Amino acid sequence: MKIIIIGAGEVGYQIADSLSREGNDVVVIDRNEERLHEISEALDIQTVLGSGSSPEILKRANMAQAEMVIAVTNSDEANMIACLLASAQNRVPIRIARIRNPELGSDDCSLFGTDRLNIDLCINPEREAVGNVADLLECPGASEIFRFAGGRIRLLGFQIDPGAAVIGRKLSELRTMEPDFKVLITAIARKDKLIVPSGVSVIEDGDYLFAVTEAARVREMLRFFGKDTKPPQRVIIIGGGNTGRMLAEAIEKRDIAVKLIEKKRAKCEVLASLLEKTVVLHGDGTSQELLREENIGETDFFIAVTDDEEANILGSLLAKQLGARKAISLINRIDYIPLVTRVGIDGVINPRHSAIRKILHYVRKGKVISVTPLRDEKAEAFEFIALETSEITNRPFKEIHFPRGTIVGAIRRGDEIIIPDGNSVIRPGDHVVIFNPHSAIGEIEKLLTVKLEYFG
């Protein structure tokens with residue numbers, strides 16, 4: 001697929017990296033020559049110097065041949081114009097824009113849909129971050145939470161703590177510990193390795209598990225693995241940007257006491273006028289003295305969402321050291337995520353990761369609903385609707401030659417959630433969640449698409 005990305009910032013870079021590694025023909029447009037040089041040295045892509053809202057520059061990028069345009073500059077207006085030009089002049093089939101203004105951007109693109117600017121998907125990193133935190137507040141024991149099948153199926157990532165009863169147990173033994181155990185372990189991250197488990201795989205201290213279950217059983221599952229599921233009552237946020245403000249607004253709607261710490265006095269005054277129940281404090285959220293004054297030891301969740309990810313990491317580690325029950329950090333660099341969970345930070349927010357997840361489902365072959373990259377994109381989980389004409393329908397799993405490392409995590413059939421085994425059968429119309437290594441994407445796509453004999 002030929003894809004044009006407008007904007008070579010962190011978001012643009014991560015998207016270009018992910019899409020180019022899958023064999024797509026990627027062109028990146030940006031005004032910053034130095035940044036384009038850096039990205040072209042690191043990735044197998046083409047670059048074009050100039051404005052993505054210039055018809056001439058778009059022509060040089062050969063946009064008329066593009067199948068997708070992704071506009072992710074820091075300017076909402078430039079992104080909207082680029083998508084308008086892609087639609088009106090070049091008839092690009094798929095148009096995606098980053099819209100940061102919370103009054104404009106929404107997933108349904110209601111202001112910019114097919115009868116307006118023809119934008120198919122609006123990406124709002126701040127809104128994505130707020131949604132991620134909301135999920136983590138709901139399930140305190142998890143570090144990552146991903147939704148599938150309209151929220152009915154959840155994939156959770158979490159660390160095994162010292163002393164957990166499951167340590168030393170084979171996965172096949174878990175059902176002997178809990179007969180009604182409706183959970184599937186899809187992957188184990190152990191140090192720098194991502195392991196696709198089998199029944200004989202043994203859980204070790206410090207393992208990071210990815211597990212699939214139905215939404216109604218999430219808390220039960222986390223308790224089984226020894227995780228804390230107590231709902232939070234007190235939250236401290238550091239960072240009063242759009243993310244911090246939107247997060248405070250969301251938490252205010254719950255029965256949770258929330259404080260927000262911001263360095264800039266003028267911004268504090270604005271926040272105090274906008275937020276109804278949040279206590280707004282002027283100061284440095286990484287200050288040990290300030291955190292002690294605000295009773296950090298009695299805080300359930302410390303959430304760091306400043307623009308400085310090093311400050312977010314430092315503040316979260318300090319908060320944990322001073323007694324905060326949980327700490328969550330906003331991290332923009334995907335390669336940082338495995339590192340911060342190892343050093344004691346309980347949850348990670350990565351808006352770029354969320355953006356990539358939403359874009360990838362437009363790239364996948366077959367009737368793919370969503371795609372979720374995992375662990376530095378070494379693997380992914382994705383949801384698709386089973387077609388009657390695909391190779392995997394109406395056959396028991398044990399008769400299907402899935403690529404090595406592929407695991408079917410869950411099936412939604414109507415109102416029923418199925419955690420499958422070797423005798424399970426996918427029916428046409430089922431929503432299926434699959435976990436597979438990145439190297440197997442091409443093989444999986446072949447299984448999801450139409451059988452050759454269908455055309456015979």
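Every number here is computed from the coordinates shown, using simple stated rules; none is lab data. This structure is a prediction, so every number in the text was calculated from the model and none was measured. Every residue, glycine among them, receives a Cβ derived from its backbone with ideal geometry; neighbour counts consider all protein chains shown.
For the reader, a short list of remarks on this structure follows.
- Taking N as the residue count of the range 130-224, its C-alpha radius of gyration divided by 2.2 N^0.38 Å amounts to 1.04.
- In order along the range 198-209, the phi-based Karplus estimate (6.51 cos²θ - 1.76 cosθ + 1.60, θ = phi - 60°) of 3J(HN,Hα) comes to 10, x, 8, 5, 9, 7, 10, 4, x, 4, 10, 9 Hz; Gly and Pro are listed as x.
- Rough spin-label spacing in nm, given labels placed 7 Å along Cα→Cβ, for residue 22 and residue 216: 3.4 nm
- The Rg/Rh ratio of the range 161-275, with both radii computed over alpha carbons and Rh defined as the Kirkwood radius, is 1.16.
- Rounded to whole Å, sorted largest first: equivalent-ellipsoid semi-axes of the range 2-123, Cα gyration tensor: 22, 15, 13
- The HN-Hα couplings worked out from phi for the range 281-294 by the Karplus form 6.51 cos²θ - 1.76 cosθ + 1.60 (θ = phi - 60°) are 10, 8, x, 9, x, 9, 7, 4, 4, 5, 5, 5, 4, 8 Hz, whole numbers, x standing for Gly and Pro.
- Length-normalised contact order for the range 1-44 - Cα pairs under 8 Å, 6+ apart - percent: 46 percent
- With the cut-off at under 18 Å, measuring from each backbone N in the range 319-346 to a point 7 Å along the Cα-to-Cβ line of residue 298 picks out 319-320, 322-326.
- Listed residue pairs exceeding 19 Å between alpha carbons, taken from 182/367; 230/263; 367/446: 182/367; 230/263
- Bins of 20 Å, starting at 0 and running to the largest distance - Cα pair percent for the chain: 24, 54, 22, 0
- Straight-line reach from residue 398: taking Cα to Cα under 15 Å and skipping same-chain neighbours fewer than 8 places apart, the aspartates and glutamates in range are 421.
- Distances between every pair of Cα atoms in the range 221-330, grouped in 10 Å steps from 0 to the bin holding the largest one, split as 15, 49, 29, 5, 1 percent.
- The fewest-to-most ranking of 37, 438 by surrounding Cβ atoms within 10 Å reads 37, 438.
- Kirkwood hydrodynamic radius computed over the range 187-244 comes to 14.6 Å, based on all pairs of distinct alpha carbons.
- The distance from the alpha carbon centre of the range 50-89 to that of the range 165-204 is 47 Å, rounded to a whole number.
- The HN-Hα couplings worked out from phi for the range 246-255 by the Karplus form 6.51 cos²θ - 1.76 cosθ + 1.60 (θ = phi - 60°) are 5, 5, 4, 4, 5, 6, 4, 6, 9, 7 Hz, whole numbers, x standing for Gly and Pro.
- Cβ-to-Cβ counts within 10 Å put 75, 390, 316 in ascending order as 75, 390, 316, the fewest first.
- At 0.890 mPa s and 25 °C, Stokes D of the range 347-445 from Kirkwood alpha-carbon radius, µm² per second: 175 µm²/s
- Cβ-Cβ distance of residue 395 and residue 369, R₀ of 30 Å, FRET efficiency by 1/(1 + (r/R0)^6): the value works out to about 0.90.
- Whether the range 1-61 is rounded, prolate or oblate, judged on the alpha carbon gyration tensor where a/c under 1.5 counts as rounded: oblate
- Residue 175/residue 265 FRET efficiency (R0 41 Å; Cβ-Cβ; nearest 0.05): 0.10
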